[in-house]
Amino acid sequence: MNMAASSEVTTGGPIVIQAKGKRSGTRSTGSFVSWPMVRHNIKRLWPMSVVGSAVLLISGPVVAMLSNTAQDARVYAIQSMLNDENIGFLAYQILAPMLMAIAVFSYLDSTGRVAVVHSMPLTRGSLFRSNVIAGFILLFIPQLLLTITLLPFVRGGFKGFLGSGTGYGNVVPVGSSPVSAEVGLAGGSTSARQRIPDMGDLLRWFILASVIMLFVYSLSVLAAILTGNIGIAALVSVLLNAIVPALYALTLLVLSMFLYGFSYGTVDGIAWMHPLLDLARNGARLSPWPMVVFIGVSALILYASMALYRRFQSEHAGNHVTFSGFNLIATVLTTFVGACLIGLLIESIASTYEPVRPHHAFFFLGVALGAPVIFVVVSMILCGTIKVFTMGSLKRFGAFLVLAAVFFSLTCTDITGYESRLPEEKDIAEATLPVMDLMTLPYAGTYGGELELTDAKSLAAVRELHAEIVDRAKDPQYDSLFTPGSASSASGDSTENASSANCPGCSSDGDNTWFMNFHYRMRSGSSMDRSYTLYQKYIGSSPAYQRLINDPGFRKATSLQHLGYGNIQSSSLSDLYGNTAFPNGLEDLNGPDTSMGASDAQTFARLLDEDYESMPDTDFASTMLSSDPDASTTNPARERLLIGVSFQLSGGGDLSSGSVFYGITKEYTRTIQWLKDKGLYDTMVSDTRKLMNQ
């Protein structure tokens, strides 16, 4: 006997489900998806899709059309969009899936509506799939529309499909080839060379954005099933989508607080746990396997949601939590994240001075004070009552204490030997160090990026410096060695190191620090990263660092040849920051023009490299430049500096145009003789002084 049609009367009109075949029990064994239900949801929720389309079109094509084409602003805007750095795009990818999932399952908020919907001649599985597909269609119509409207702004070809975006402002490292990838501008910064995106970039972005939306949507569907209240569903959706990034971020913060030498690069490999983490850490590039994993996990989450939906009991409609086990998980995780955030907040407010190896008592105080408050508030929200002081609540709080104890024991103590672990010298294939932070000759703060060292002697010097840092950090009074005070350390080192006398170019402020990042690439293909915060006075008194800067391999890596002589287009006189402007313009200049074109500037650079690489060992303190004009008589490096030169670079290969400062001292004998032969030496010395003292 044919089954009668059923309907649900809503503001959008009745849903008519045509029966097919015989009814078995209370459910039809009919279609896999109910297209009438899909159409009904689309008719009911189409305004959400319209609003989403408006947000995307205004954030995308409208912004692109209004951008200034003369200054490449339009190209930059499109690049930002396709690197997923556009705020409107990201907001849609995160918020729209959450809202859509809650909207399509909003009937779970009402017992009456649940009874009507579940009385339809459809299986629970068919109902679930119909709702999910309707929401999916409504989500991707704006995304497809945006992609089509962006087509006129990209060129043909698909070279950008497997290319790499820059993510959230990630910086391309310098030193990856003899021609550096990015050089800091003197007194400013450079931007990446503008490349007009192609259809491959657009397709890459569409796939990446779609995977992010699918992942967020699947977790939000799960949240809607786990709760029977629209408001609580929104909160749980935020919780499920944010819990992995939040735990990831908290783990990084706590590890960086307690493990000396911890580097974020150590845990880069787990960024694939969430597509937004993968985007933030690795840039908007397309990696097939992570994409496949995210799609597969999304499918599993939806399948689990459907299994829970089949077990959903109508009398639980409108409940804050429809499955009791979820209450425990949500309460414990939310309390843990919230307590840690309060601890970090109190630490940031209460700590007015942060030594190199600080103690974080305020963090634990914040966790201890915040945990009970967060636990009570979350329990009230999820249980829907103020009567939360029960035996069940005590068990949940006990679970939180166990989680916190395990987490902090793994992150706050060096149980793995992370702090003291060093690579074997024979296993190191390459070591990378920063070169930008200290203002030292011959470069003075305007050469940004990293050094890549492969020479065996250089690698040994780098490891020796690393070992010295690790060994000195074992001193119980390590901080007092380099902080103003009168204490003496257990190792016998006196506070003489705290005096600026050992580092004339350093700031007189004893808290002035410098960041040293070690990156090792092993012969086996693995890598090791460590990052340290050091006092500048430490570097000034470090025998290992002294040996490193005088190593031939180190000097080769910091030579102008490393930047590529062919990229040098001109040179001019400069102060420490590449400033070539005189107080009164050219009227302050005397004698011949000291600027050089490409040919002479390249010869100039080669001579500087010859002198630099053949120079005898130099004391580190004599290379430290002070930026204070009044320090010219007390800073040895400023006294030694004869000529300051700014080399202008033109992009070649991956090199962005910029400039680099070079300081010349009396040890550069070949260079000085060459300048004298050209009749430029005396004028360049005189004009450099004018620039330095203005």
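Only residues that are over 17 Å from Ser210 (Cβ atoms), in contact with a helix residue (DSSP H, G or I) (Cβ under 6 Å, 6 or more places away or on another chain) and either of a type in the set (A, V, I, L, M) or not in a helix (DSSP H, G or I) (or both) were counted in segment 109-133, giving 3. Scoring Asp84 on the criteria (1) surrounded by 24 or more Cβ atoms within 10 Å (Cβ to Cβ); (2) outside any helix (DSSP H, G or I) leaves a single failure, condition (1).
Do any helices (runs of 4 or more DSSP H) lying entirely in segment 228-343 carry at least 1 residues that are modelled with pLDDT of 85 or more, and which ones are they? Don't jump to the end; show me each part of the working.
Values: elements: 230-258, 275-282, 288-310.
Where helices (runs of 4 or more DSSP H) fall fully within segment 228-343 and carry at least 1 residues being modelled with pLDDT of 85 or more, they are 230-258, 288-310.
Does Ala73 fit the bill of being modelled with pLDDT under 90 and within 45 Å of the chain's Cα centre (by Cα)? So Ala73 fits the description; yes. When segment 385-430 is filtered for residues that are surrounded by fewer than 12 Cβ atoms within 10 Å (Cβ to Cβ) and β-branched (Val, Ile, Thr), the ones remaining, listed by number, are Thr385, Ile386, Val402, Val406, Thr413, Ile415, Thr416.
The values are calculated or read from the model by the stated rules, or taken from the named source; none is laboratory data. These figures come from a predicted structure and were not determined experimentally. We place every Cβ from the backbone using ideal geometry, glycine too, and count neighbours over all the protein chains shown.
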